Amino acid sequence: MAMFAKAISALYLRQMVFCSWRLTAEKLPPYRVFQLIMKYWLYLGKSKRQFIFYASANIYKPRCNQFPEKYTFRFSDSIMKRALISGLLFLLLLTGCEKVKDNATKQYSAQIVGFDLNCSTCIVAFPDDSLKIKALLGSSPNNYYQIVNLEKGDYTVGQKLKVEVRKAEDAELKACVTMYPSYNYLNLFALKHENYADLKFNDTLVLAYKDCFYDKDGQRYICLDSVLSDSRCPTGVECFWSGEARARFKIEKYQSNPVYIDIKEGAKDTLVDGYRFSFIRLLPYPTYGNPIKPEEYKAWIVIRNL
């Protein structure tokens with residue numbers, strides 16, 4: 001019986017395809033074709049015996065617009081039209097939301113690598129986000145980009161910025177001395193840009209994920225690179241071990257290899273690259289059933305100069 005039901009179901013699908021083709025060929029309105037196919041679909045939900053009986057009696061004599069009266073679900077044309085229009089609007093809304101999501105601006109870490117002296121603009125690299133920038137805005141020689149609204153006189157080579165960028169429009173391009181820029185880098189426009197906060201020694205500082213503090217005297221950036229592990233016992237759970245959290249911090253200077261240090265939460269006065277580093281606390285604290293995203297982490301630190 002089960003095999004016979006499967007065979008009839010396969011024939012039913014062929015009947016459905018045949019009806020779609022036939023009704024479309026007869027130039028029925030799309031909503032009418034959908035209405036008739038829905039009748040078949042709803043009829044499929046009736047008892048298997050009744051369906052098998054009906055399908056076996058009619059599958060080789062397709063009557064696409066005829067159904068036993070007791071199984072016919074009656075759609076009025078106006079209701080069907082409204083349902084189809086509502087469905088289309090819903091799909092358009094979803095598409096629009098995806099586009100907004102894709103085009104949403106995000107803050108990236110940029111570093112000044114030089115200047116276009118012909119146009120007095122800054123040339124930047126995105127060392128931590130080069131692949132994302134390339135996928136979002138397009139490729140550029142050596143992964144360098146020219147930001148048309150960052151003036152040369154306001155920045156120094158090696159300086160890091162937090163920027164939100166998009167492709168520059170023709171009207172936003174600066175007039176250059178020789179009419180054309182010195183390099184063929186992709187032109188970007190900074191919607192927002194800000195310097196990293198200055199490092200304050202001996203104070204408790206809050207360092208967000210991928211954020212940095214700038215040591216002016218040492219011309220170095222101290223950044224929270226990543227959270228390596230977080231096995232702390234979640235709130236609402238009884239554990240035989242309290243667990244621990246480890247984070248990786250990065251100390252970088254322009255044109256020098258960055259120094260990485262992995263520190264456990266609670267460690268004090270760890271010596272690294274001329275600093276005494278204390279990792280006071282990592283938040284948020286884990287809660288059962290609520291995983292923490294990397295970008296949600298913040299580290300409380302104290303840095304002392306030797």
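Computed from the coordinates by the stated procedures, all read-outs in this text should not be read as laboratory data. All figures in this text were calculated on a predicted structure; none of them were measured in a lab. Virtual Cβ from ideal backbone geometry, glycine too; neighbours counted across all protein chains shown.
See the values below:
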read-out: Test: Lys162 is under 27 Å from the mean Cα position of the chain (by Cα), assigned to a strand (DSSP E or B) and surrounded by fewer than 13 Cβ atoms within 10 Å (Cβ to Cβ); value: no
read-out: Which numbered condition Tyr180 misses (of (1) buried (at least 16 other Cβ atoms within 10 Å of the Cβ); (2) of a type in the set (Ser, Thr, Tyr); (3) farther than 30 Å from Asp269 by Cβ); value: (1)
read-out: Looking only at the stretch 115-149, and only at residues there that are buried (at least 17 other Cβ atoms within 10 Å of the Cβ) and more than 27 Å from the chain's Cα centre (by Cα), the one that is nearest to His193 (Cα to Cα); value: Cys122
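Let's see how each residue does on (1) touching an Asp or Glu at 6+ places or on another chain (Cβ under 9 Å); (2) within 24 Å of Asn257 (Cβ to Cβ); (3) in a strand (DSSP E or B):
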site	(1), (2), (3)
Tyr180	no, no, no
Asn187	yes, no, yes
Leu207	no, yes, yes
Val227	no, yes, yes
